[in-house]
Amino acid sequence: MSAPYFPPPATDVQPQGQPPRNGLGTAGFVLGLVGLLLSFIPFIGVVAWPLVIVGLVLSIIGIARASSGKATNRGLAITGAVLSVIGLVICILYVAVFTKAVNDVNQQQNAVSTITYEVTGDAKGATVTYSSFDGNGSSMNQETASQLPWHKDLQAKGLFSGGSLTVSAGADGGSVTCKVTVNGKEAKTATASGPFATASCGGF
């Protein structure tokens with residue numbers, strides 16, 4: 001009697017194929033798109049920095065997986081990488097513009113302006129009232145000019161600096177002219193004539 005026959009185990013059964021690993025590429029696309037949209041919004045665009053950076057990393061991983069056959073969304077991953085790069089460039093440009101603006105404001109804040117007040121005319125006497133203001137405060141002064149011309153040099157520091165100059169002729173009349181020069185450039189001038197006539201230079 002012969003021994004029972006047992007067939008050998010089958011060796012040609014193919015293992016079940018694994019599903020494509022598209023998660024990282026898709027996530028990179030979503031983060032790149034959202035980051036790009038947020039990068040156009042001032043201040044809120046700060047949130048775009050981590051989004052576009054992470055989106056770029058995930059998109060690159062997604063592209064690598066698609067190239068090795070582990071994923072099927074190569075086009076979506078490439079789009080995510082492109083969107084992330086554009087968003088990153090916009091973020092960098094915003095930082096550069098913001099930094100320049102801050103530096104410009106700081107320079108103007110520390111800049112010192114030379115203000116020159118001048119009074120001319122043929123009036124025999126005049127009353128001169130002048131003021132200046134800057135980040136350290138303001139001051140007002142009044143002088144009697146028995147003879148013209150008259151002038152005064154002042155300095156003001158800061159972004160918001162200025163002053164005013166007013167001249168009034170006496171009872172004997174005549175003409176008076178006020179002139180304001182800031183850093184060598186004429187800023188204001190005015191002329192008046194007659195008894196107690198007043199010329200005012202302000203708002204510069």
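The values are calculated or read from the model by the stated rules, or taken from the named source; none is laboratory data. All figures in this text were calculated on a predicted structure; none of them were measured in a lab. Counting neighbours? That spans all protein chains shown, and the Cβs are built from the backbone with ideal geometry, glycine included. Note: accessible area is taken over every heavy atom of the protein model, side chains too, but ligands, DNA and RNA are not part of it. Shrake-Rupley method; radii C 1.70, N 1.55, O 1.52, S 1.80 Å.
Structure notes:
- Take the chain with all the other protein chains still there, run a 1.4 Å probe, and you get 62 Å² of accessible area per residue.
- On the chain, 62 percent of the accessible area sits on carbon and sulfur atoms, based on a 1.4 Å probe.
- Computed [θ] at 222 nm, helices only, for the chain once each DSSP H run of length n ≥ 4 contributes -39500 (n - 2.57): -13000 deg cm²/dmol
- A cysteine counts as unpartnered when no other cysteine's C-beta lies under 4.7 Å of its own; in the chain this applies to Cys91.
- Mean Cβ neighbour count within 10 Å, used as a protection proxy, ranking 102-111, 42-51, 85-94 highest first: 85-94, 42-51, 102-111
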